[in-house]
Structure formats: structure tokens, C-alpha cells
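Inspection log for the structure reproduced underneath, given as C-alpha cells.
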Amino acid sequence: MIRASQLLFTRLEPGYSPRRTAGYQTWYTSADLAPGETKEIEQRIQCYWPAGPADRRLQCFTLASGRVVLGHSVAVMADEEINDRQGRGLIFLAHCLVLSRKTFDECENNPFAILDSFPFYTSVRDVLKAIGPVGSEAPQAEHVLRRYGGSMVSAGPWGGEEMTKLLSLALQARQLTGQRRSLLVMGSPDAIAMTLRLAIWLTPPGERLYCSFDTAVDRCPTPQGQYWAVGLPARQGGGYIEVDAEGGRVVSSVATSAPGHDLYLRSLRAWARRSQAAEIVDRVPDLQRMALLLSEGGSTNVGTIDEEVRKEVRREFVTLHRELFERKFLGAFEPVVGKEAATQLLRHADASPDDDRILLEIAIDGSAQSPRAVELITDWILSDVPTLRDAEWRRLCDLGGRCRAWRLRYLSAALADKPDESTREEALSRLTQTDFARVATLLPRRLAPADLVSRQHIEALLARIDRVPMEGAACVELCKALARHGLARYLDAPQLRRHLDTLDSREAGQVLKVVERDTSVPQAVLDVLQARQQPGLVARLIQWGKDARG
Amino acid sequence: MFWRRPRLICPNCLCEINAPKHAAARCPRLGCDFDLPPLYLDEYRQVPPVFVQIFGWSGTGKTVFLYALTLLLARMSKVWPQYSYSPSTTPTVRTVREVTTDLERGVLPQPTPLGLGELYIMLLRGMERWGGRTLITRDCAGEYFDSLQVPLEQAPFLLNTPTAFMFVSPIDLRNNTEGRSLNMLMDNYINTLLSHKVNFNKKRRSLVVVVTKADIIPDLPANLRQYLIHDPIWNWANTQGRVPQMDALSMATYLEQMGRVSDEVEAWLQRDAAGQTFVRLAKHRNIDLRFSVISSTGAPVEAGNQLPAQWEPRRVLDPFFWALELQSRA
């Protein structure tokens with residue numbers, strides 16, 4: 001629901017005039033309209049020469065106060081009692097809505113979202129009936145705003161190439177009006193409105209505020225630059241930038257670049273070469289959204305991509321600007337992982353089925369510290385197990401610490417040629433069960449079981465080593481790690497016992513040395529270790545002793 | 001001796017500027033930037049401008065007068081042997097066209113909206129007695145003349161041109177419910193000029209008071225009514241085939257008659273207090289008054305903004321002749 005102040009303007013006879021004078025004047029206003037605002041609106045709407053009874057004029061402009069005016073003027077036959085006792089035929093009735101910037105923003109700064117749907121007055125008697133006798137205040141207008149989509153916008157005779165020229169003119173609106181230049185949109189009233197509707201639709205919401213217009217300035221000298229665009233039935237001198245609304249083309253030669261909007265313009269231009277105009281109109285909101293996300297940046301924006309941008313459009317957009325996105329990607333990661341690793345990481349991202357989303361997110365966020373970036377690095381490490389220099393591992397480890405990405409921190413600490421054991425263990429203790437399971441997939445290629453010993457994850461580790469082969473040396477290190485963490489009692493676990501049974505005498509001796517004084521170690525384990533340490537004669541003697549006792 | 005570029009007056013901002021070197025030019029003055037009509041530039045010396053400010057309340061017939069005047073000016077080649085005319089701007093061309101179409105349909109123009117009116121620039125060549133002149137004026141909405149301070153941006157010729165047409169409609173004044181009287185219009189005119197520091201004694205102002213809708217004034221004196229109805233220029237301009245041509249003598253005679261009519265109208269308007277005050281206010285400020293009676297349509301307008309027949313304007317050239325005469329003497 002939007003709310004707006006109102007102003008009504010027409011020709012009145014003294015009996016219906018708030019000033020008790022005959023002539024064109026403001027009839028009703030809402031209470032909150034300041035006198036200065038009323039005067040400013042009057043100056044903009046006061047001149048209109050409707051050519052026929054079905055004529056209509058649309059206006060959109062901003063007041064000095066910052067409020068936005070949407071004007072709707074219709075030709076009416078003068079009522080002899082209310083409007084003109086001389087009955088001189090056609091006059092006009094102007095009905096203006098005055099919106100706050102915040103309200104206009106709710107409409108995505110699209111005046112047609114309201115101009116096309118609001119029930120403006122088209123009869124003076126209806127106005128009298130609705131508002132009341134002269135001197136009454138016009139109430140605040142309330143209107144339920146419906147979603148304004150591409151289906152409401154027609155491309156008409158406009159093809160893709162010309163649409164991009166029209167868009168570039170809209171993107172230069174602020175600059176043009178500052179230079180006291182305006183577009184002259186030539187054609188019938190319907191064609192003019194259609195062209196402006198299309199131009200506004202193509203323009204990103206943030207820029208639409210500068211696209212002021214008056215669709216009918218015929219016979220009303222209007223200084224250039226007062227509006228971005230004015231409508232006339234035919235060409236008129238004055239150095240305007242000419243737009244043929246009936247033919248769907250920009251007649252004047254114009255610069256087709258718009259600093260700050262190059263990506264959006266280039267995208268539209270590329271699409272224009274191979275898509276139908278209706279398709280372009282349909283895709284424009286997605287394109288605008290992505291361009292906005294890219295320009296605003298920030299990880300908070302990334303989360304909205306899936307809701308706000310259709311997948312196929314996203315994919316096309318990224319494909320179209322692949323080089324740019326890859327450049328941004330490398331730019332984000334090179335400082336963190338180094339040039340070579342960043343390139344490898346990019347290849348990894350490219351191979352993902354969701355590569356366009358990854359590239360877009362990294363480009364929006366702009367850094368390697370986003371959750372998405374960290375996840376990507378972690379996935380890369382887990383899947384590709386890259387060979388990096390220790391300095392690069394350390395940088396990744398720091399990144400993991402800063403971002404509290406414990407998987408990354410653990411892996412970086414563990415996989416370096418000179419592992420950082422304390423960091424590794426600290427990170428390991430913070431892993432969730434899921435994270436641990438994921439990390440443990442590196443067993444036994446790049447991680448040793450000993451690297452994964454922790455109180456929190458001992459059960460999971462045992463389950464894991466049950467499924468993977470383990471060399472004797474690795475088993476020894478595991479046993480030592482268990483002992484170090486006070487987990488020596490787990491040497492008796494079935495998953496470990498079978499590995500103990502394969503130790504050679506030296507290995508068994510190494511383990512025994514660490515655990516023989518640990519009272520938590522079951523005797524059976526010690527027996528096995530002793531037996532492995534001294535196989536053959538010793539084993540027989542031990543067994544004879546047991547038998548004798550037994 | 002240094003060669004000095006010729007100077008001319010921009011019809012839009014009324015500033016004196018150097019004559020441009022080429023035909024397609026714009027006024028160089030900041031804020032003006034007006035597209036100078038090529039014809040106006042080309043024939044400036046031969047057909048110098050006559051600026052006229054139109055002044056009058058809403059509904060007094062200002063726009064209709066301009067249409068009717070255009071109609072006559074388009075036909076004066078019947079009457080003046082050397083005469084030709086050229087509309088010099090798009091709005092002027094449009095007026096010529098609308099005059100033709102509305103004339104055929106018998107429809108009056110719609111009320112003039114507010115805002116700065118478009119420039120009407122009509123080159124008139126070979127006028128007997130005055131030669132060539134470019135009539136430059138702007139129509140404007142009568143609402144602007146309701147206050148003591150007429151906004152100058154809507155009446156841009158008011159300050160800088162010595163001649164104005166002041167439209168009064170006695171028949172509408174009788175029926176008005178706004179408490180208006182004739183002298184109020186003069187008050188507004190004088191007050192506006194004074195507030196912009198115009199010195200009435202330094203340069204004399206001329207006002208052509210145009211009494212409109214004279215055909216429906218019931219108590220118009222008989223001689224004035226006869227004068228109105230029997231307009232030879234309209235008859236000749238509206239006649240197929242050869243008509244008498246107005247030479248210098250016949251123009252002088254016509255002007256003389258206009259002078260007598262002016263005195264009659266002045267006397268008639270002063271039959272009430274408002275009229276007396278009106279005239280005295282002007283004389284007190286040394287304003288040179290001339291009076292005309294006209295009917296832009298020639299017949300009353302019926303319901304639905306329709307005329308019973310085609311337009312038959314009467315004496316609509318008189319105010320224009322006064323303006324030419326007064327500016328020639330100045």
C-alpha cells in the first residue's frame with residue numbers, strides 16, 4: 001500500500017474556485033503540500049493543449065523538496081457551470097500524486113508502476129463528488145501496489161540494438177539534464193508513453209529518478225533540460241536528441257557508453273544481438289539485479305542471488321563476461337594463495353557444475369574471505385590436495401583462523417611439509433562431526449591417522465581406519481598420538497587391534513615403550529605388543545607361564 | 001573605420017544581439033538559446049519587428065482575436081497590391097492552419113492554458129502606409145492579469161515594448177461574479193510597470209484598448225455598431241474576384257475614421273464611473289490611449305462552442321493598425 005498527497009488543477013468558474021476567480025488554477029490539494037511545492041507543481045503542469053477529447057498527458061518530475069510528482073492530465077469537455085461559462089470546448093484536468101522518495105523507492109522508482117494502475121480522475125464532476133465542495137482538502141491517496149513486471153512493458157517497434165541506445169540515453173539522464181539537453185520523443189501519445197515505459201524499465205532502479213518526462217509539451221515552450229524527455233507529435237527545432245517512438249529508433253547520434261554502467265550496457269548489447277526484444281524485456285530485472293549486486297558488493301548481498309536472479313540468466317551473464325569474472329576471481333585469491341594456486345583454484349571452480357554461481361559470488365564479494373570463498377578453497381584442498389609451499393599453507397591457515405573456518409585451518413596446518421601441530425590439534429578439536437568425516441577422506445593419501453587423533457572424534461577415527469589400510473609406521477604414530485591424548489585405552493579397539501597384530505618387532509617395541517607404563521592400556525594389548533616385540537621363543541615362554549598359572 | 005556587425009533584437013528574450021553569420025542560428029544569450037527563425041534574420045532590415053503585448057482577463061477573446069487577425073492577414077493580398085505574408089515559426093504556421101480548419105468547422109479555440117505562450121512571428125511585407133513589419137506577440141492566459149503584479153515571465157513584452165493591446169469585454173464585465181471592473185485592469189497594468197521601475201514620463205506608453213465581442217453588446221451606440229458591421233476590409237478580403245485596392249489615400253482615410261471611432265468608444269466607455277476612472281488613470285500616467293471595437297467571430301457563439309456559420313471577423317485589423325501607427329510615430 002502506498003500513500004501519496006494529491007493536487008488537482010483545472011479551469012474553473014468563480015463559483016467553484018477557491019480563489020473566486022475564473023481561469024486555470026489549483027482546485028484541491030492535500031494538507032501536507034507546502035505552498036512552495038504547490039507553486040512548483042503548478043508551473044510544471046499548467047501548460048497543456050490537448051489535441052482531442054481522448055488525449056492524455058503523463059508527467060514525472062522531482063520537486064526541490066525531494067518529493068516526486070506523478071502527473072496525469074486528461075482532456076475534458078468544459079462543463080459550463082464548473083469550468084467555463086463560455087463553453088469553449090476542450091480544457092484539461094490534471095491530477096497529481098506527490099510521493100515521498102521512500103514511497104517511490106518502494107515502486108523501484110518506476111513511475112509507470114503507478115501511472116498505469118492508479119485510478120486518476122477523468123471527470124470534474126467525479127472530483128467534486130469524491131472530494132467535496134470548494135475549500136475541502138484532498139485526502140491522502142492510498143493505492144495497493146501490484147507487482148510491476150516485464151509483462152506490463154511492451155517493446156513495440158523497438159529492436160534490441162535501438163533499445164540499448166535508448167537505455168544509454170536513460171543512463172545519461174542526469175548528465176544530459178545538467179547540460180540542459182533533453183530527448184524529444186516523437187510520435188502519438190501512446191507511442192511516446194510506450195517508449196518511455198520501455199526506457200524506464202530498461203534503466204536500473206537507482207537511475208530512474210533522473211528520468212523525468214512530460215509526454216505532451218506541444219505548444220508549451222519547455223526549456224531544454226527541465227525534463228530528461230519530452231513528447232511531441234513531430235520534429236521541432238531546438239537541438240533535441242531525437243527519438244522516433246513510432247519507428248522504435250534513436251534518430252540522433254548518441255554516445256552509447258555510460259560510465260558506471262558499462263557491464264550492464266554491454267550485457268544488454270550482447271543480448272540484443274541474439275535475442276528477441278521481448279526476451280530482453282523479460283530478462284532485464286535479473287540483469288539489473290546482478291549488475292547492482294556487483295556494483296554494491298558485500299557478502300550480505302550474495303545470499304539473495306538465488307531468490308532474485310533466475311539460474312539461466314545468471315549462467316548466460318557469467319558466460320558473457322567470463323573473462324571479467326575470472327579476472328576478479330584471480331584478483332581475490334592471488335594475494336591469499338599465490339598466483340599458481342589461484343589458477344588451480346580457478347580450474348577447480350570451473351569444473352564445478354555451479355561454476356557460474358561461484359564466480360558471481362566471488363565477484364560480488366570481492367574477497368577471498370567470504371564464507372563461499374573459504375568453502376571453495378577447502379573443497380579444492382580436499383578434492384585436489386594441491387601441492388603448495390609452506391608459506392602458502394600458512395596464509396591459508398591464517399585465513400582459516402580469521403574466518404573461523406576450522407576445516408581450512410586444520411587442513412592448512414596438517415598438510416604443510418612442516419605441519420603446525422598445535423594449530424592442527426586446536427582446529428581439529430573444533431571440527432564438527434561432519435567436518436571431521438569430510439577431512440578424514442584424505443586418509444591415508446595425505447593425512448595420517450595420527451594427525452586426526454582427538455577426544456572429540458576418536459570413535460569416528462576408529463571407524464575410518466577400519467576401512468583404510470595402515471602401514472606399520474603409521475600405526476606406531478597413531479598409537480603414540482593416542483597415548484599423548486590420554487586415549488591409550490583405545491589401543492584395545494578391534495579396529496586397531498588387527499593393525500597391532502601386524503606390527504614388526506621394532507614397531508611393537510616403539511609402541512610398547514610409549515604405553516607400557518600407561519595403566520589405561522589393557523594387559524591384552526601389552527601382551528600383544530610384547531609378543532610382537534619378541535616373537536617365537538618369548539611368545540612360547542609367556543604362553544607356558546600362563547598355562548602354568550591357569 | 002571599424003566594420004560593425006549589424007545588430008538585431010532576439011524575438012524571444014528581446015535582447016539586442018549581433019546578427020548571426022549564418023541562417024541556422026540560436027540566440028547566444030545565456031538562458032535564451034532560441035532558434036532564430038531564418039526568415040526573421042534574413043529580412044530583419046526590410047521587415048523590422050513590431051512587438052505587441054496582449055493584456056486582458058480570461059475569456060475576453062484574446063486568442064480568438066489572434067486567430068481572427070491571422071485570418072485577415074492571410075487575405076490582405078486581396079486589398080494591398082504589394083502585400084505578402086510569411087509565418088516565421090512553427091506555432092505561427094499552426095495558427096494559420098488552425099484558423100483555416102476551425103473556420104470551416106465554426107469552432108472556437110479552447111481556453112489558453114497558463115505558461116509562457118509560444119512566439120507568434122508573422123512577416124508582413126508591402127503593407128500600404130507602413131511597408132514591411134514583423135508582428136511579434138505571444139498569446140497568454142488571462143489569469144495572469146488578475147493580480148496587481150503580472151508575472152513578467154508570462155508577459156515578457158510588457159516592460160520593453162511601448163505598445164500593448166488591452167482587451168476588455170464590457171458584456172462579460174456586466175455578468176461577472178468576481179467583482180471586477182474596468183479600472184482594475186488598468187490598475188494591474190500600471191502597478192506592474194511601476195513595480196519594475198518603469199518611468200511613464202521618460203518614455204510614453206501606448207495602450208490600444210480593444211473592446212471585444214462588440215457584436216453582442218446590446219447598448220453599443222448605433223454608429224459604432226454600423227462601423228463594426230460594415231467592415232470594408234473584411235468584405236474585400238472575403239470576396240472572390242477583383243476588389244478595390246487600398247492605396248495610401250484610402251489608408252489615410254481609414255485611419256482617420258479609426259481615430260474618430262476611438263474617440264467615440266472612449267466617450268462611450270466613460271458613461272460609468274469605472275470607465276471614467278480607467279481613462280483618468282491612463283492620462284495621469286501619460287499613457288496614450290487608442291480605442292477599437294471588434295468582433296472576432298462576427299456572430300454570437302452558441303452552445304457547444306459552435307458558431308452558427310463561418311467566422312466573419314469585424315474590424316480586427318484596427319488594433320493592429322493602431323500598433324503600427326503608434327510605433328511608426330515613436
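The values are calculated or read from the model by the stated rules, or taken from the named source; none is laboratory data. If you're wondering where the values come from, they're calculated on a predicted model, not measured in any experiment. All Cβ positions, glycine included, derive from the backbone under ideal geometry; neighbour counts span all protein chains shown.
Brief remarks on what is shown
- Among residues of the range B:24-59, those that are farther than 23 Å from B:ARG125 by Cα, more than 10 Å from chain A (Cβ to nearest Cβ) and within 23 Å of the chain's Cα centre (by Cα), counted: 2
- Scanning the range A:221-263 for residues that are under 17 Å from A:THR164 (Cα atoms) and of a type in the set (S, T, N, Q) yields A:SER252, A:SER253, A:THR256, A:SER257.
- Of the residues making up the range B:75-86, those that are part of a helix (DSSP H, G or I) and farther than 13 Å from B:LEU124 by Cα number 1.
- Residue selection: A:LEU167 satisfies the criterion of being buried (at least 19 other Cβ atoms within 10 Å of the Cβ) and within 26 Å of the chain's Cα centre (by Cα).
- Among the residues of the range B:99-108, the one identified as more than 7 Å from chain A (Cβ to nearest Cβ) and under 19 Å from the mean Cα position of the chain (by Cα) is B:VAL99.
- From the options A:ALA113, A:ALA94, residue that is at pLDDT 95 or above and within 14 Å of chain B (Cβ to nearest Cβ): A:ALA94
- Considering the range A:255-297, and only residues there that are under 25 Å from A:ARG181 (Cα atoms) and among the polar types (S, T, N, Q), the residue that is modelled with the lowest pLDDT turns out to be A:SER257.
- Residue match in the range B:66-74 (condition: at pLDDT 90 or above, crowded, with 20+ Cβ neighbours inside 10 Å, part of a strand (DSSP E or B) and touching a Ser or Thr at 6+ places or on another chain (Cβ under 6 Å)): no
- Residue match in the range B:72-80 (condition: farther than 26 Å from B:ILE190 by Cβ and within 14 Å of another protein chain (Cβ to nearest Cβ)): no
- Residue within the range A:151-173 that is over 23 Å from A:ALA255 (Cβ atoms) and β-branched (Val, Ile, Thr) present: yes
- The criterion of being of a type in the set (A, V, I, L, M), away from chain B (no Cβ under 14 Å), crowded, with 19+ Cβ neighbours inside 10 Å and outside any helix (DSSP H, G or I) does not hold for A:VAL284.
- Qualifying position, being closer than 29 Å to A:PRO233 by Cα, free of Cβ contacts under 8 Å to residues at least 12 places away in the same chain and out of contact with any Pro (no Cβ under 9 Å at 6 or more places or on another chain), among A:LYS102, A:LYS39: A:LYS39
- Filter result for B:ARG285 (crowded, with 17+ Cβ neighbours inside 10 Å, at pLDDT below 95 and of a type in the set (Lys, Arg)): yes
So that you can scan it fast, the table gives a plain yes or no per residue for (1) out of contact with any His (no Cβ under 7 Å at 6 or more places or on another chain); (2) of a type in the set (A, V, I, L, M); (3) within 14 Å of chain B (Cβ to nearest Cβ); (4) surrounded by 16 or more Cβ atoms within 10 Å (Cβ to Cβ):
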position: A:GLY237; (1), (2), (3), (4): yes, no, yes, no
position: A:GLU242; (1), (2), (3), (4): yes, no, no, yes
position: A:VAL250; (1), (2), (3), (4): yes, yes, no, yes
position: A:GLN288; (1), (2), (3), (4): yes, no, no, yes
position: A:GLY297; (1), (2), (3), (4): yes, no, no, no
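- Considering residues of the range B:120-156 that are surrounded by fewer than 20 Cβ atoms within 10 Å (Cβ to Cβ) and hydrophobic (A, V, I, L, M, F, W, C) only, the residue farthest from the other protein chains (Cβ to nearest Cβ): B:TRP130
- Search result, residues across the range B:251-274 that are farther than 30 Å from B:LEU182 by Cα and touching a residue at least 12 places away in the same chain (Cβ under 8 Å): B:MET251, B:ALA252
- Options A:LEU33, A:LEU58, A:LEU70: the member that is aliphatic (A, V, I, L, M), over 21 Å from A:ILE200 (Cβ atoms), more than 11 Å from chain B (Cβ to nearest Cβ) and touching a residue at least 24 places away in the same chain (Cβ under 8 Å): A:LEU33
- So A:ARG395, is it more than 24 Å from A:GLU340 (Cβ to Cβ), part of a helix (DSSP H, G or I) and touching a residue at least 40 places away in the same chain (Cβ under 8 Å): no
- Members of the range B:30-57 found to be part of a loop (DSSP other than H, G, I, E, B) and crowded, with 22+ Cβ neighbours inside 10 Å, listed by number: B:PRO37, B:VAL47, B:TRP57
- Residue in the range A:193-200 that is more than 14 Å from chain B (Cβ to nearest Cβ) and surrounded by fewer than 19 Cβ atoms within 10 Å (Cβ to Cβ) present: no
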